[in-house]
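The values are calculated or read from the model by the stated rules, or taken from the named source; none is laboratory data. Predicted model only: the values in this text are computed from it and were never measured. Note that we place each Cβ from the backbone using ideal geometry, even for glycine, and neighbour counts take in every protein chain shown. Just the protein is used for accessible areas: all its heavy atoms, side chains included, with ligands, DNA and RNA removed. Shrake-Rupley method; radii C 1.70, N 1.55, O 1.52, S 1.80 Å.
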Amino acid sequence: MNNVGKFSRGRKYTNGEITVYWKPGSCIHASFCYRELIEVFDPSRRPWVNMYGATTEEIIKTVDMCPTDALTWKWNDEKRNINIDPSHTNHISFRRPELINDDTQASAEPVSVKVMPYGPLVINGTFTMKYDGKIKEVNESVVSLCRCGASNRMPFCDGNHRKTGFNDE
Amino acid sequence: MTSMENGSSKKLKPQAEIEIFNKGPVRIKGNFIIRDIKRDIMETISEEIYLCRCGRSKSKPYCDGSHEK
(Lines give C-alpha, C1' and ligand atoms only; values in the text may rest on other atoms or scores of the structure.)
Protein backbone atom coordinates (compact mmCIF):
# COMPACT_ATOMS: atom_id res chain seq x y z
CA MET A 1 0.00 0.00 0.00
CA ASN A 2 1.65 3.17 -1.13
CA ASN A 3 0.79 6.62 0.17
CA VAL A 4 -2.64 5.30 1.02
CA GLY A 5 -4.54 5.75 4.23
CA LYS A 6 -7.64 3.83 5.13
CA PHE A 7 -9.89 5.73 7.42
CA SER A 8 -13.47 5.51 8.59
CA ARG A 9 -14.96 7.68 5.84
CA GLY A 10 -13.26 6.17 2.79
CA ARG A 11 -9.66 6.29 1.60
CA LYS A 12 -7.12 8.97 1.06
CA TYR A 13 -3.94 9.42 -0.91
CA THR A 14 -1.22 12.03 -0.58
CA ASN A 15 1.83 13.25 -2.46
CA GLY A 16 2.94 15.32 0.52
CA GLU A 17 1.45 18.53 -0.88
CA ILE A 18 -2.24 17.66 -1.25
CA THR A 19 -4.48 14.85 -0.03
CA VAL A 20 -7.10 13.31 -2.32
CA TYR A 21 -10.09 11.68 -0.64
CA TRP A 22 -11.97 8.80 -2.23
CA LYS A 23 -15.52 8.00 -1.21
CA PRO A 24 -16.44 4.90 -3.23
CA GLY A 25 -20.16 5.00 -2.41
CA SER A 26 -20.53 8.35 -4.20
CA CYS A 27 -18.95 7.32 -7.51
CA ILE A 28 -21.41 7.38 -10.42
CA HIS A 29 -18.74 6.19 -12.90
CA ALA A 30 -18.82 9.35 -14.96
CA SER A 31 -15.15 8.44 -15.69
CA PHE A 32 -13.82 11.99 -15.95
CA CYS A 33 -10.95 11.09 -13.65
CA TYR A 34 -9.35 8.32 -15.66
CA ARG A 35 -10.15 9.78 -19.06
CA GLU A 36 -8.39 12.95 -18.02
CA LEU A 37 -5.49 11.53 -16.00
CA ILE A 38 -4.97 7.78 -16.30
CA GLU A 39 -1.44 8.25 -14.95
CA VAL A 40 -2.99 9.03 -11.56
CA PHE A 41 -6.47 7.49 -11.63
CA ASP A 42 -6.22 3.97 -13.02
CA PRO A 43 -9.08 1.69 -11.94
CA SER A 44 -7.15 -1.40 -13.07
CA ARG A 45 -4.34 -0.81 -10.56
CA ARG A 46 -4.15 -1.30 -6.79
CA PRO A 47 -3.99 1.17 -5.24
CA TRP A 48 -5.95 2.81 -8.05
CA VAL A 49 -4.69 6.31 -7.25
CA ASN A 50 -0.99 7.05 -7.85
CA MET A 51 -0.30 10.49 -6.46
CA TYR A 52 3.11 10.63 -8.11
CA GLY A 53 1.79 10.12 -11.65
CA ALA A 54 1.23 13.83 -12.39
CA THR A 55 1.76 17.27 -10.96
CA THR A 56 -0.30 18.63 -8.07
CA GLU A 57 -1.93 21.14 -10.45
CA GLU A 58 -3.04 18.41 -12.85
CA ILE A 59 -4.44 16.31 -10.02
CA ILE A 60 -6.43 19.24 -8.61
CA LYS A 61 -7.81 20.06 -12.06
CA THR A 62 -8.96 16.48 -12.55
CA VAL A 63 -10.44 16.03 -9.08
CA ASP A 64 -12.43 19.24 -9.63
CA MET A 65 -14.05 17.56 -12.66
CA CYS A 66 -15.63 14.82 -10.55
CA PRO A 67 -19.38 15.45 -10.62
CA THR A 68 -19.96 14.04 -7.11
CA ASP A 69 -18.07 14.02 -3.83
CA ALA A 70 -16.43 10.68 -4.72
CA LEU A 71 -13.14 12.53 -5.27
CA THR A 72 -12.26 15.59 -3.23
CA TRP A 73 -8.98 17.21 -2.23
CA LYS A 74 -7.29 19.53 0.22
CA TRP A 75 -3.89 21.15 0.75
CA ASN A 76 -1.83 19.40 3.44
CA ASP A 77 -0.71 22.84 4.59
CA GLU A 78 -3.94 23.72 6.42
CA LYS A 79 -3.36 27.46 6.06
CA ARG A 80 -3.98 27.10 2.34
CA ASN A 81 -7.43 25.57 2.85
CA ILE A 82 -9.16 28.81 3.77
CA ASN A 83 -10.80 31.10 1.19
CA ILE A 84 -10.57 28.55 -1.60
CA ASP A 85 -11.77 29.86 -4.96
CA PRO A 86 -15.23 28.40 -5.75
CA SER A 87 -13.93 27.26 -9.14
CA HIS A 88 -12.28 24.47 -7.14
CA THR A 89 -15.61 22.71 -6.86
CA ASN A 90 -14.20 19.58 -5.26
CA HIS A 91 -12.15 21.11 -2.48
CA ILE A 92 -13.35 19.49 0.77
CA SER A 93 -14.64 22.82 2.10
CA PHE A 94 -17.38 22.72 -0.59
CA ARG A 95 -18.06 19.03 -0.94
CA ARG A 96 -17.12 17.36 2.32
CA PRO A 97 -16.87 19.95 5.10
CA GLU A 98 -16.90 17.13 7.65
CA LEU A 99 -13.30 16.42 6.64
CA ILE A 100 -11.96 19.89 7.36
CA ASN A 101 -10.47 18.89 10.69
CA ASP A 102 -9.21 15.53 9.47
CA ASP A 103 -5.58 15.37 10.51
CA THR A 104 -5.10 11.63 10.37
CA GLN A 105 -2.57 11.98 7.54
CA ALA A 106 -0.15 14.01 9.64
CA SER A 107 2.70 11.53 9.46
CA ALA A 108 2.06 9.94 6.07
CA GLU A 109 5.28 11.12 4.41
CA PRO A 110 6.57 8.16 2.41
CA VAL A 111 10.03 6.88 3.24
CA SER A 112 12.62 8.02 0.70
CA VAL A 113 15.04 5.36 -0.60
CA LYS A 114 17.89 6.84 -2.66
CA VAL A 115 20.30 4.63 -4.59
CA MET A 116 23.50 6.66 -4.69
CA PRO A 117 25.69 6.22 -7.81
CA TYR A 118 28.69 4.00 -6.90
CA GLY A 119 27.63 4.41 -3.27
CA PRO A 120 25.19 3.36 -0.56
CA LEU A 121 21.43 3.25 -0.13
CA VAL A 122 20.34 6.35 1.73
CA ILE A 123 17.02 5.80 3.51
CA ASN A 124 15.24 8.76 5.02
CA GLY A 125 12.02 9.01 7.01
CA THR A 126 10.17 7.12 9.73
CA PHE A 127 10.55 3.36 9.48
CA THR A 128 11.55 0.21 11.34
CA MET A 129 14.76 -1.63 10.56
CA LYS A 130 15.38 -5.29 11.36
CA TYR A 131 18.94 -6.63 11.37
CA ASP A 132 21.00 -9.09 13.42
CA GLY A 133 17.87 -10.04 15.37
CA LYS A 134 17.40 -6.42 16.45
CA ILE A 135 14.63 -3.98 15.65
CA LYS A 136 15.58 -0.34 15.38
CA GLU A 137 13.02 2.45 15.11
CA VAL A 138 14.15 5.30 12.93
CA ASN A 139 12.10 8.42 13.54
CA GLU A 140 12.41 11.18 10.94
CA SER A 141 16.05 10.33 10.46
CA VAL A 142 18.41 8.80 7.95
CA VAL A 143 20.53 5.64 7.59
CA SER A 144 23.06 4.73 4.95
CA LEU A 145 23.30 1.05 3.98
CA CYS A 146 26.22 -0.67 2.27
CA ARG A 147 25.57 -1.71 -1.33
CA CYS A 148 29.09 -2.82 -2.35
CA GLY A 149 29.60 -5.66 0.16
CA ALA A 150 32.91 -4.28 1.48
CA SER A 151 31.84 -2.33 4.57
CA ASN A 152 33.38 -3.20 7.92
CA ARG A 153 30.31 -1.84 9.70
CA MET A 154 27.60 -3.98 8.09
CA PRO A 155 24.83 -3.39 7.32
CA PHE A 156 25.83 0.29 7.31
CA CYS A 157 28.09 2.05 4.81
CA ASP A 158 31.55 3.00 6.09
CA GLY A 159 32.84 4.59 2.89
CA ASN A 160 34.84 1.53 1.83
CA HIS A 161 33.29 1.52 -1.68
CA ARG A 162 35.76 4.25 -2.58
CA LYS A 163 38.77 2.06 -1.72
CA THR A 164 37.47 -1.13 -3.29
CA GLY A 165 36.24 0.47 -6.51
CA PHE A 166 32.61 -0.64 -6.34
CA ASN A 167 31.31 -1.48 -9.81
CA ASP A 168 27.76 -0.09 -9.93
CA GLU A 169 26.90 -1.49 -13.37
CA MET B 1 8.57 -2.34 18.10
CA THR B 2 5.46 -1.12 19.88
CA SER B 3 5.98 2.18 21.60
CA MET B 4 8.13 5.12 20.68
CA GLU B 5 10.23 6.95 23.23
CA ASN B 6 8.33 8.02 26.31
CA GLY B 7 7.65 11.70 26.62
CA SER B 8 7.96 12.33 22.92
CA SER B 9 5.13 14.61 21.89
CA LYS B 10 5.56 13.63 18.27
CA LYS B 11 4.51 10.05 17.78
CA LEU B 12 5.01 9.05 14.18
CA LYS B 13 3.77 5.89 12.63
CA PRO B 14 6.50 3.94 10.81
CA GLN B 15 5.80 4.14 7.09
CA ALA B 16 7.99 1.28 5.95
CA GLU B 17 9.77 -1.81 7.18
CA ILE B 18 13.38 -2.43 6.23
CA GLU B 19 14.73 -5.91 6.84
CA ILE B 20 18.35 -6.91 6.34
CA PHE B 21 18.90 -10.55 5.52
CA ASN B 22 22.14 -12.09 6.75
CA LYS B 23 24.37 -12.71 3.68
CA GLY B 24 21.44 -11.61 1.52
CA PRO B 25 19.56 -8.58 0.27
CA VAL B 26 17.61 -5.86 2.04
CA ARG B 27 13.84 -6.01 1.78
CA ILE B 28 11.81 -2.80 1.82
CA LYS B 29 8.05 -2.82 2.14
CA GLY B 30 5.42 -0.26 3.01
CA ASN B 31 4.99 3.34 1.96
CA PHE B 32 8.15 4.45 0.17
CA ILE B 33 9.58 6.01 -2.96
CA ILE B 34 12.76 4.70 -4.56
CA ARG B 35 15.01 7.00 -6.55
CA ASP B 36 17.95 5.54 -8.43
CA ILE B 37 19.98 8.59 -9.27
CA LYS B 38 22.42 7.01 -11.71
CA ARG B 39 19.75 5.14 -13.67
CA ASP B 40 17.33 8.06 -13.49
CA ILE B 41 14.46 6.02 -12.06
CA MET B 42 11.92 7.28 -9.57
CA GLU B 43 9.00 5.12 -8.66
CA THR B 44 6.53 4.18 -6.02
CA ILE B 45 6.11 0.46 -5.75
CA SER B 46 3.10 -1.05 -4.11
CA GLU B 47 4.79 -4.29 -3.20
CA GLU B 48 8.01 -5.16 -1.48
CA ILE B 49 11.41 -4.88 -3.13
CA TYR B 50 14.73 -6.65 -2.58
CA LEU B 51 17.89 -4.61 -3.07
CA CYS B 52 21.42 -5.96 -3.58
CA ARG B 53 23.86 -5.62 -0.67
CA CYS B 54 26.77 -7.73 -1.96
CA GLY B 55 27.69 -5.65 -5.01
CA ARG B 56 27.49 -8.60 -7.43
CA SER B 57 23.93 -8.36 -8.79
CA LYS B 58 23.59 -8.00 -12.56
CA SER B 59 20.36 -6.06 -12.13
CA LYS B 60 21.37 -3.39 -9.65
CA PRO B 61 19.99 -1.92 -7.53
CA TYR B 62 17.85 -5.05 -7.24
CA CYS B 63 18.98 -8.42 -5.90
CA ASP B 64 19.27 -11.19 -8.52
CA GLY B 65 20.47 -13.95 -6.19
CA SER B 66 24.16 -13.57 -7.20
CA HIS B 67 25.19 -13.45 -3.51
CA GLU B 68 24.58 -17.20 -3.35
CA LYS B 69 27.18 -17.99 -6.00
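Give segment B:39-54 a look and list any residue that's under 19 Å from B:S66 (Cβ atoms), within 7 Å of chain A (Cβ to nearest Cβ) and touching a strand residue (DSSP E or B) at 6+ places or on another chain (Cβ under 9 Å), or say none. Hits for segment B:39-54 are B:L51, B:C52, B:R53. Can you give me the number of residues within segment A:1-48 that are within 15 Å of A:V63 (Cα to Cα) and either within 11 Å of another protein chain (Cβ to nearest Cβ) or modelled with pLDDT under 85 (or both)? Count: 5. Per this entry, A:I84 is counted among residues that are open to solvent by 20 Å² or more (accessible area, probe 1.4 Å), aliphatic (A, V, I, L, M) and assigned to a loop (DSSP other than H, G, I, E, B). Of all residues in segment A:22-54, exactly one satisfies the criterion of being open to solvent by 60 Å² or more (accessible area, probe 1.4 Å), acidic (D, E) and in contact with a helix residue (DSSP H, G or I) (Cβ under 8 Å, 6 or more places away or on another chain), namely A:E36.
Taking segment A:13-45 as the range and being under 19 Å from A:V111 (Cα atoms) and in a loop (DSSP other than H, G, I, E, B) as the test, the residues that pass are A:N15, A:G16, A:E17. Before we move on, is A:I18 free of Cβ contacts under 8 Å to residues at least 24 places away in the same chain and either surrounded by 14 or more Cβ atoms within 10 Å (Cβ to Cβ) or among the charged types (D, E, K, R) (or both)? The answer is no for A:I18. Here is the figure for segment B:52-66: residues that are over 15 Å from A:S151 (Cβ atoms) and open to solvent by 30 Å² or more (accessible area, probe 1.4 Å) total 5. If the condition is being at pLDDT 80 or above, assigned to a loop (DSSP other than H, G, I, E, B) and open to solvent by less than 70 Å² (accessible area, probe 1.4 Å), then segment B:4-37 contributes B:P14, B:Q15, B:F21, B:G24, B:P25, B:N31.
Taking the criterion of being aromatic (F, W, Y), free of Cβ contacts under 8 Å to residues at least 40 places away in the same chain and closer than 14 Å to B:R53 by Cα, the residues of segment A:125-169 that qualify are A:Y131, A:F156.
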